[in-house]
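Notes to accompany the following structure.
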Amino acid sequence: METIKANVRLDAKGLACPMPIVKTKKAMNDLEAGLVLEVQATDKGSKADLKAWAASSGHQYLGTLEAGEVLKHYLRKSSSDETIEKKHQNVINNEELQKKLNTNDNIVVLDVREAAEFAFDHIPNARSIPLGELEDRLNELNKEDHIFVICRTGSRSDLAAQKLTEKGFIHVVNVLPGMSQWSGETESVQKK
């Protein structure tokens, strides 16, 4: 089984509804925005419950992996960065990126979401460098490449595109609206 990186793990094994949600809500309140919570539960109904709770509370349900009797649910705490005004001027929409991917293998799709977000749903061959690690991992990218930066809503990718441009990258494009509305092909740890 593939290991998914989570910032915090919550043990809700052996608890029945509504306790996994009650414990998850408390853990989310203590979690910093943008971080990923792994909730380990044995209640089979917890998948639907946590997915619905995340949607109603504004947090992002990433997915669930099964490890024997244990369900490992991954949720990302919503953050204010998703409402930041976009500043990077060079943008492309999802459909235009899809066309480029279908006709040109010579582009780099850089996904700046958290590793768990990437694991559960990403564009095939995309490179994962979470926004918080970008500064330290710039050497993994070529300044001459055509880099299309994507996140969930276009906000983190906007910040990443600005950072790359400031660091001398020449061809940087922010993808809007991002993975939240991506309809093209994706890969996932669940689809393998």
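The values are calculated or read from the model by the stated rules, or taken from the named source; none is laboratory data. Please read all numbers here as calculations on a predicted model, not as lab measurements. Neighbour counts run over all protein chains shown; Cβ positions are idealised from the backbone, glycine included. Quick note on the areas: whole protein, heavy atoms, side chains included, nothing else; ligands and nucleic acids left out. Shrake-Rupley method; radii C 1.70, N 1.55, O 1.52, S 1.80 Å.
With angles folded into 0 to 90 degrees, how steeply does helix 94-103 sit against the dominant principal axis of the chain? Use alpha carbons for both and round to 10.
60 degrees
List the aspartates and glutamates whose Cα lies under 15 Å from the Cα of K44, skipping any in the same chain that are fewer than 8 positions away.
Once the sequence-local aspartates and glutamates are set aside, what remains near K44 is D11, E66, E69.
Rg to Rh for the chain: what is it, with Cα atoms only and Rh by Kirkwood?
Working: Rg = 17.5 Å, Rh = 17.4 Å.
Radius of gyration relative to Kirkwood radius: 1.00.
Between N125 and V108, what is the label-to-label distance in nm when each label sits 7 Å out along the Cα-to-Cβ direction?
Result for the modelled spin labels: 1.4 nm.
Counting only residues 5 or more places away or on other chains, whose amide H sits under 5 Å from the amide H of F169 once H atoms are built in the peptide plane?
For F169, whose amide H was placed from the backbone, there are no distant partners under 5 Å.
If exposed GluC sites (Glu not before Pro) are those in a DSSP loop with at most 13 other Cβ within 10 Å, what is the longest stretch of the chain that has none?
Here the longest run is 86-143.
Ignoring ligands, DNA and RNA, what percent of the accessible area of the stretch 111-192 is carbon or sulfur (1.4 Å)?
Carbon and sulfur: 44 percent of the exposed surface of the stretch 111-192.
Work out from phi, with θ = phi - 60° and the Karplus expression 6.51 cos²θ - 1.76 cosθ + 1.60, the ³J(HN,Hα) of each residue of the stretch 125-132, listed in order in whole Hz, and give x for Gly and Pro.
Going residue by residue, I get 6, 5, 9, 9, 9, x, 3, x Hz, with x marking Gly and Pro.
Give me the accessible area per residue for the stretch 47-192, probe 1.4 Å, as a whole number in Å².
Here the residues of the stretch 47-192 average 50 Å² of exposed surface.
Would you list, by chain and number, the aspartates and glutamates whose Cα falls below 13 Å from the Cα of K77, excluding same-chain residues fewer than 8 positions away?
D30, E32, E38, E114, E117
Would you mind estimating how fast the stretch 13-126 diffuses translationally, via Stokes-Einstein at 20 °C and 1.002 mPa s with the Kirkwood radius over Cα pairs, in µm²/s?
132 µm²/s
Quick one: 3J(HN,Hα) in Hz for the stretch 30-39, Karplus 6.51/-1.76/1.60 with θ = phi - 60°, rounded, Gly and Pro as x.
8, 8, 6, 3, x, 8, 10, 10, 9, 10
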